[in-house]
1. Which order do the peptides 197-207, 147-157 come out in when sorted by mean C-beta neighbours inside 10 angstrom, highest first?
2. Calculated FRET efficiency, A307 and D603, Cβ-Cβ r, R0 25 Å, to nearest 0.05?
3. Assuming 0.36 nm per residue, please report the length gained on full extension of the stretch L77 to T375 beyond their Cα-Cα distance.
4. Sum up the charges of everything whose Cβ sits under 11 Å from the Cβ of L229, counting Lys and Arg as +1 and Asp and Glu as -1, but leave L229 out.
5. Measure up K160/K185; K420/K604; K420/K538; K160/K219; K148/K185; K126/K185 against 30 Å on the Cα-Cα distance and list the ones that go over.
6. How much length would be gained if the chain were fully extended between V490 and T388, taking 0.36 nm per residue of separation minus their Cα-Cα distance, in nm to one decimal?
7. Determine, for each peptide in 478-487, 530-539, the mean count of other beta carbons within 10 angstrom over its residues, then list the peptides with the highest first.
8. Give, as a single signed number, the net charge of other residues whose beta carbon lies under 13 Å from the beta carbon of F159, with Lys and Arg counted +1 and Asp and Glu -1.
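Only the coordinates and a few stated rules stand behind these numbers; no lab work does. Bear in mind that the values here come from a model prediction, so they are computed numbers and not experimental data. Cβ atoms come from the backbone with ideal geometry, glycine included; neighbour counts cover every protein chain shown.
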Amino acid sequence: MRRFRRVCLFGLLGLVLACTGAFAVGYAVWEVPDPQVVADGTQQSIVLTYADGGEMTRIVPDSGNRTMIRDLDEVSLPMRNATLAAEDASFYTNGGFDPLGIARAAYAQATNSPGGGSTMTQQYVKLATGDDEHTYTRKFKEIVLAAKMTNQLPKDEIFKAYLNTAYYGRGAWGIHAAANAYFGKLPRDLDSSESAVLAGMVQKPVENDPRVNPAAAEKRWTYVADQLLANRLIAPAERDGMRIPATRERFAWRGEQMSGPLYHIRERVLEELERAGISSQDLHRNGNTIVTSIDRDAQRAAEEAVAEMNRDQPQNLRSALVAIEPATGGIRAYHSGDRQIGGFDWARAAQSPGAAIQPFVAAAGLMRGHGLDETYNGGSPQEIQGATYRNSGPGCAERCTVRAAMTESAETAFVNMAAKFGPVAVVDAARRAGLDLDVGDSAPGLAAGTGDYPASTVGVARGYATLAAGGVVREPHFVRKVLDSNGNEVRSFDSPAYDAFSRDHAESEQVAADVTESLRWGAAEGGVSIPDRPLAVKTGIAQFGGSPDKALTAWTAGYTPQIAAAVSISASDAGGRPQPMLRTGDRLPSGIWERFMEAYLRDKPVEHFPERTPVTSYAPRAPMPVDR
């Protein structure tokens, strides 16, 4: 018996020495996962906001939503207490592991029964290393690293690291994402009842979700609430007043229910940032917030206007709307013409602008000293340079002024203008204003005067915004600034401005003022109006196959000093091939335009267009070179 006891004693001593040696070797060799390195390498959500800072949507990485907290003070005291109560009440006093908990975990491992004894520090190590094997070796390494981490880092840093890496279900990694996923709040705003829900989620992130299993969720919530009381983290009176709160619908916070237009805004934002040298990978790594130029009310007005006017229309119609703030180039509203997420973006599709090109035909003449009162043949039909042209509108007499031609949509008059000024001059004037026409590889022809060379709705809106800005052109943009995860600005975006129609600012401004004058006539006579608002508007169509009775695209584009907007309507079959539209008096695009503009301007002051001096006071001059 003495020999047996001696053998047991030496065996136990050898085991202790072996464990101690293994612990020492592991302590020396294994590196503690650095919370900052883990945070920097974490794929976080990218948040897109409206111009007022309200959340529009978020882009969640495949691994789930992550937004890091940078300081423990960003989390409310009730949430911190609930976490301690649910996971590790002795966190601030233990050495990184709990011997009794280890014994319970060993028993559970041996008997294949549920249960465990991991401290929060151990749980962080497991999450940070990605090692979740149910083996004694893994558990031993976890204990060693937890002890080493406790010796090397302040407890608050470990707590913060845990809160950033814990998985709460619903695709939400970390407390910042979880607070939004369940309650639409910031972590600092969570109360005790809400905190008990979230702290209880980590154990079983799906089963404990109130929207999945209300009974299990209430049982777990009750356990956490009682643990708060048992560990004297809340007073009895507060426990009596706690009630399990309602949570948001599962995944409603992730943006899956966004509209088709918001989806395309998101895609355009990412493209814009990519061109600026900021990749999606950078944004996910840093957890950036992107403040866009989109006005929340304007976007709602755009979507409602399109939906209302298209309610009883054929399903193959595509209505796109783009509104740009002339003073900044910021896109304030964007409707892509497709209500389905992931559908085609008709707002940037190349389509024939038709009559919407006419202001830039006039601008080409104004740049050369030809005023609004000069006359052109506006009769229909008419043969010009070997081809026959017809007006889609009523047209005007053989001696038709630019003002009258603009009002009556006398296409033949504008073809005659293009013939006089030269198609290259028309294309140049449009491009100077930011309306890029796709003329292909050949020299432009008289199609420049009929609006047959394609342009996007964004491009048309930009061209009209240039006119509204007094001949100053700006690059349209969606992004105002990029913020870091703490809300600090890391980069802002301004659109450079330059004079469109002349190197002389006064001359460029005057060309724009004269075009505006002609468009104001068109608005007054064309039935497009908003009470007590000065408007410059052009309506019209791009003819389908040269037929004035069928439209390829119908347009309304125009502006006030505050906002410029373009609406295009086209039709396509299931394969995306263009289809003709019957003429409807152009009321569909103008109805959308009016509804949107009236809603946008409702609470804004009335602004007037500046006084003008007719361009005819300028002497004719050679066209400016295209390159600036």
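1. Numbers: 197-207: 21.5, 147-157: 15.8.
Final packing ranking: 197-207, 147-157.
2. On the way: r = 22 Å, r/R0 = 0.88.
Efficiency, rounded to the nearest 0.05: 0.70.
3. Details: separation 298, 0.36 × 298 = 107.28 nm, distance 7.74 nm.
That works out to 99.5 nm of additional length.
4. Values: positive: R232, R239; negative: D226, E238, D240.
Surrounding charge for L229 is -1.
5. Numbers: K160/K185 18 Å; K420/K604 42 Å; K420/K538 22 Å; K160/K219 27 Å; K148/K185 35 Å; K126/K185 28 Å.
Pairs exceeding 30 Å: K420/K604; K148/K185.
6. This chain segment gains 31.0 nm when fully extended.
7. On the way: 478-487: 17.2, 530-539: 18.9.
Answer by packing, highest mean first, reads 530-539, 478-487.
8. Values: positive: R80, K155, K160; negative: D71, D73, E74, E87, D88, D156, E157.
Result for the local shell: -4.
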